[in-house]
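Heads up: the structure comes next, in structure tokens.
The values are calculated or read from the model by the stated rules, or taken from the named source; none is laboratory data. Keep in mind it's a predicted model, so treat the numbers as computed, not measured. All Cβ positions, glycine included, derive from the backbone under ideal geometry; neighbour counts span all protein chains shown.
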Amino acid sequence: MSKSAEGEKQQKAFGWAATDESGTLSPFHFSRRENGDEDVTLKILYCGVCHSDLHNLTNEWGFTSYPVVPGHEIVGVATKVGKNVTKFKAGDQVGVGVMVGSCKTCECCQQDLENYCSQMIFTYNSHNPDGTKNYGGYSDMIVVDQRYVLRFPDNLPLDAGAPLLCAGITVYSPMKYYGMTEAGKHLGVAGLGGLGHVAVKIAKAFGLKVTVISSSPQKESEAINRLGADSFLASSDPAKMKSAIGSMDYIIDTVSAVHPLFPLLSLLKVNGKLVTLGLPNKPLELPVFPLVSGRKLVGGSDFGGMKETQEMLDFCAKHNIAADIELIRIDEINTAMERLARSDVRYRFVIDVADSLSQ
Amino acid sequence: MTGLSEEVRPNKAFGWAAIDTSGVLSPFKFSTRGTGEKDVAFKVLYCGICHSDLHMIKNDWGTSIYPLVPGHEVVGEVTEVGSKVQKLKVGDRVGVGCMVGSCHSCDNCTNNLENYCPEMIFTYGAKYYDGTVTYGGYSNTMVVDEHFVVGIPENLPLDAAAPLLCAGITVYSPLRFYGLDKPGLHVGVVGLGGLGHLAVKFAKAMGTKVTVISTSPSKQKEALENLGADSFLVSREQDQLRAAIGTFDGIVDTVSAQHPLLPLLGLLKSHGKLVVLGIPEKPLELPAFPLIQGRKLLGGSMIGGMKETQEMIDFAAEHGIKADTEVIAMDYVNAAMDRLLKGDVKYRFVIDIGNTLKSIS
């Protein structure tokens with residue numbers, strides 16, 4: 001039961017929330033602010049299920065504030081726009097990703113890097129400066145400042161396009177930042193899940209040669225025949241890993257569990273770059289010798305700024321890139337979370353909010 | 001069984017070698033190849049003692065071939081050049097660093113990155129093309145392919161120039177590569193030893209603001225007054241660390257002991273870079289959150305290619321950058337190694353080979 005906001009007018013909202021570390025979701029009534037001058041109100045149609053949602057639900061990272069309504073791959077229709085809103089009008093197809101606020105004045109914000117602003121506000125499990133709490137996209141509607149709303153391209157499917165709002169930008173941004181877009185170069189994608197499968201598609205669109213690196217040999221056929229990867233490397237096969245030593249220009253590591261970095265670093269050529277995107281709750285083991293002897297680097301990246309997220313959506317629309325999804329009803333969410341924990345999904349669950357969320 | 005290979009080549013030479021993992025060095029007679037058409041032969045005048053020498057004499061890395069004549073911060077005077085040598089002539093002041101050979105044909109070699117060539121040959125303790133073992137600069141004479149010899153400008157004193165050949169290039173190369181060489185950037189240097197003190201000097205000469213990050217408060221005066229650092233941070237002081245969070249554009253980490261990366265990552269601004277140069281024995285713990293939330297990166301670097309090494313020497317000459325050295329006699333070398341193990345040197349021992357390496361009858 002949410003507290004009503006201090007002094008702010010509130011409107012009713014409805015979604016599914018977890019109330020404790022069991023992470024079990026159930027129907028939940030709460031409130032959101034009224035649509036302000038800078039705001040866009042969305043009726044939510046679809047919401048992707050990101051692995052971060054699972055991390056947050058069970059308080060794996062230790063900073064979950066219950067009750068929590070997850071969901072930061074939100075696609076919907078604008079139903080109302082504030083009087084200062086120029087980019088959107090009612091009826092537009094729009095999206096909301098990982099953030100809903102930032103300071104707007106710091107160097108990062110001025111450089112379209114709102115995601116690195118020290119006062120960046122996450123879409124859910126966060127608080128606004130006025131103390132009100134934010135709830136995510138496993139709900140019927142959301143009110144967001146126009147700066148953090150994206151125009152959803154016409155030719156992108158609403159359901160399969162939803163995961164681009166987190167998974168898509170999370171792999172697109174580091175590819176640009178770390179210079180991993182030179183056609184003909186060899187990119188390894190470690191982990192074939194929500195992030196990994198989108199990384200393969202985007203990398204192919206950049207003209208890269210792509211090898212999927214996975215501990216699940218049964219994913220090989222999928223990786224090559226369906227996703228378009230050029231080759232597949234079974235990380236549990238020492239002989240195959242050995243033969244691939246020093247063969248990759250870059251690696252995008254999407255694995256969310258703690259895992260050894262040494263085998264991945266070995267796959268890189270001299271001056272190779274490894275970008276790590278997974279957020280395990282324990283540190284990774286970093287052998288320094290391969291970094292020194294091969295001038296290799298390990299870098300991080302955290303989703304992306306608003307301008308780049310729009311750029312990514314437009315890029316995906318142009319190249320017909322969307323996620324491979326399994327559409328579920330909201331009442332199937334707990335089973336979906338259990339399956340996600342076992343990586344049993346190809347490759348993102350997306351909640352059909354409009355058709356299944358009813359009070 | 002070391003065999004007779006030490007004496008089979010045409011030119012007699014002598015130096016000091018370690019003969020087993022005790023690492024104790026003693027006089028040693030050997031031979032060098034004749035001066036081939038691309039070779040430069042030179043009389044060794046000084047040789048710096050690098051911490052790697054200490055690791056190698058004790059076989060810490062498991063790769064040492066005994067007898068081992070260390071030394072890869074070598075300076076001297078040319079005595080003979082081969083017929084195809086173009087850049088150098090007899091009498092020139094020259095230096096040799098960590099490598100004496102590479103394949104010359106791979107991508108790395110063609111991009112002046114011989115140091116990353118998979119067939120790169122180390123100056124000492126490695127197999128050369130003719131099957132012999134290379135011997136380093138703790139010796140009276142060396143014969144090296146011209147490609148791996150740099151010229152040392154007149155205004156750089158040879159003894160203070162020697163450590164530039166490994167320590168100097170090891171810090172210069174990553175400052176350039178990782179873009180930490182722009183005036184106005186704030187660069188941290190972790191560890192104030194052979195590498196660290198030169199990192200401060202090079203970074204200052206490049207126009208950056210430099211903070212030394214050290215566990216020893218006693219080094220503060222040195223760092224600020226002698227080396228020219230702008231500020232000093234005691235990394236064990238939580239208050240100082242907290243106040244400096246998110247203020248560094250880059251950090252050059254020269255520490256080879258196990259140490260936590262989390263505080264260093266916290267010191268970086270977003271998009272900051274942590275360069276690691278020391279190689280700890282065990283892997284370090286890398287917390288993913290700070291790397292990801294600030295789009296930070298952690299990269300390594302190892303010495304530098306020959307073109308860049310010459311560039312670094314010329315830069316040092318132009319800016320008056322010299323290593324801070326303690327010049328020692330050859331027969332002090334074992335005591336020096338003991339002191340180096342304890343970090344008891346400001347900041348590099350340099351062996352006065354020319355004056356104190358006595359020939360062995």
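Numbers at a glance
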{"item": "Enumerated strands (runs of 3 or more DSSP E) restricted to the stretch A:1-119, each holding at least 1 residues that are closer than 19 Å to A:Lys133 by Cα and in contact with a His (Cβ under 9 Å, 6 or more places away or on another chain)", "result": "A:10-18, A:93-96, A:99-101"}
{"item": "Those residues of the stretch A:83-102 which are of a type outside the set (A, V, I, L, M, F, W, C) and buried (at least 23 other Cβ atoms within 10 Å of the Cβ), in sequence order", "result": "A:Gly95, A:Gly97, A:Ser102"}
{"item": "Members of the stretch B:179-215 found to be within 14 Å of chain A (Cβ to nearest Cβ) and out of contact with any Ser or Thr (no Cβ under 8 Å at 6 or more places or on another chain), listed by number", "result": "B:Gly179"}
{"item": "Among (1) more than 14 Å from chain A (Cβ to nearest Cβ); (2) at pLDDT below 95, the one test that B:Lys282 misses", "result": "(1)"}
{"item": "Top-ranked residue in the stretch A:28-47 [being among the β-branched types (Val, Ile, Thr) and in contact with a Lys or Arg (Cβ under 9 Å, 6 or more places away or on another chain); ranked as surrounded by the fewest Cβ atoms within 10 Å (Cβ to Cβ)]", "result": "A:Thr41"}
{"item": "Qualifying positions in the stretch B:239-252 - more than 14 Å from every other protein chain (Cβ to nearest Cβ) and either of a type outside the set (S, T, N, Q) or touching a helix residue (DSSP H, G or I) at 6+ places or on another chain (Cβ under 9 Å) (or both)", "result": "B:Asp239, B:Leu241, B:Arg242, B:Ala243, B:Ala244, B:Phe248"}
{"item": "Segments classed as helices (runs of 4 or more DSSP H), wholly inside the stretch B:106-190, with at least 3 members that are out of contact with any Asp or Glu (no Cβ under 9 Å at 6 or more places or on another chain) and modelled with pLDDT of 95 or more", "result": "B:167-177"}
{"item": "Selected residue (criterion: modelled with the lowest pLDDT) from residues of the stretch A:261-309 that are of a type in the set (Gly, Ala, Ser) and within 21 Å of the chain's Cα centre (by Cα)", "result": "A:Gly278"}
{"item": "Residue satisfying all of: in the stretch B:69-109; of a type in the set (A, V, I, L, M) and without any contact (Cβ under 8 Å) to a residue 60 or more places away in the chain; farthest from B:Val133 (Cα to Cα) among these", "result": "B:Val90"}
{"item": "Residues of the stretch A:133-155 satisfying the condition of being under 30 Å from A:Asp331 (Cβ atoms), in contact (Cβ under 8 Å) with a residue 40 or more places away in the chain and assigned to a strand (DSSP E or B)", "result": "A:Lys133, A:Ser139, A:Met141, A:Ile142, A:Val143, A:Val144, A:Val149, A:Leu150"}
{"item": "Among residues of the stretch B:32-68, those that are basic (Lys, Arg) and free of Cβ contacts under 8 Å to residues at least 12 places away in the same chain, counted", "result": "0"}
{"item": "Lone qualifier among A:Val258, A:Val298, A:Val275 - being in a loop (DSSP other than H, G, I, E, B) and in contact with a strand residue (DSSP E or B) (Cβ under 7 Å, 6 or more places away or on another chain)", "result": "A:Val258"}
{"item": "Test: residue in the stretch B:259-269 that is assigned to a strand (DSSP E or B) and over 22 Å from B:Thr170 (Cβ atoms)", "result": "yes"}
{"item": "Total residues in the stretch A:120-130, condition in a loop (DSSP other than H, G, I, E, B), free of Cβ contacts under 8 Å to residues at least 40 places away in the same chain and buried (at least 18 other Cβ atoms within 10 Å of the Cβ)", "result": "1"}
